[in-house]
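J.: Starting off with a structure, shown below.
Since every read-out is calculated from the coordinates, none of them should be taken as a lab result. Treat the numbers as computed from the prediction; the structure is a model and nothing was measured. Neighbour counts are summed over all protein chains in view; Cβ atoms, including those assigned to glycine, are modelled from backbone coordinates with ideal geometry.
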Amino acid sequence: MALLVLDTSVVVGWFDRSDTLYERSREALRRARMDEKILPASAYAESLVLPNRIGPDAVAALDEALQALPVRIEPITAQIARRAAALRAKYPSLALGDALVLACGEVLGAIVLTGDRAWAKVGPRVRVI
């Protein structure tokens, strides 16, 4: 059983049928059904933006879907924040939210699952769906 940190792109792709990553996200999470899945709190917040625009039922639906996977929401610790800052310093074009997901994966020793091809250059533990 592997430890997977999920990027927002994977969660949104998995939840939103109109997203370009819908099929790939569904397939990736189907293959990872036996793996432990972690969603950094920062990516959880990003994942909730669209459901919040839609309304409380959409927020509840996403939360229920994440619980059913299941996904553990991982707090952003000082260690993760420091690593994210180091990644931002090394890769200036990397957004803070992205750096937090990558740092969470590094700190936990997990594989990071993303739909963002640009992340492949950041580390060997990144898997692009």
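J.: Give the relative contact order (percent, whole number) for the chain; include only Cα pairs under 8 Å separated by 6+ residues.
T.: Relative contact order comes out at 31 percent.
J.: Based on the Kirkwood radius over alpha-carbon pairs, what value in µm²/s does the Stokes-Einstein equation return for the translational diffusion coefficient of the chain at 4 °C and 1.567 mPa s?
T.: 89 µm²/s
J.: Please list, in order along the range 67-72, the HN-Hα scalar couplings obtained from phi with the Karplus expression 6.51 cos²θ - 1.76 cosθ + 1.60 (θ = phi - 60°), rounded to whole Hz, x for Gly and Pro.
T.: 5, 6, 4, x, 10, 9
J.: Sort 31-44, 48-61, 78-91 by packing, meaning the average of other beta carbons within 10 Å per residue, with the highest value first.
T.: 31-44, 78-91, 48-61
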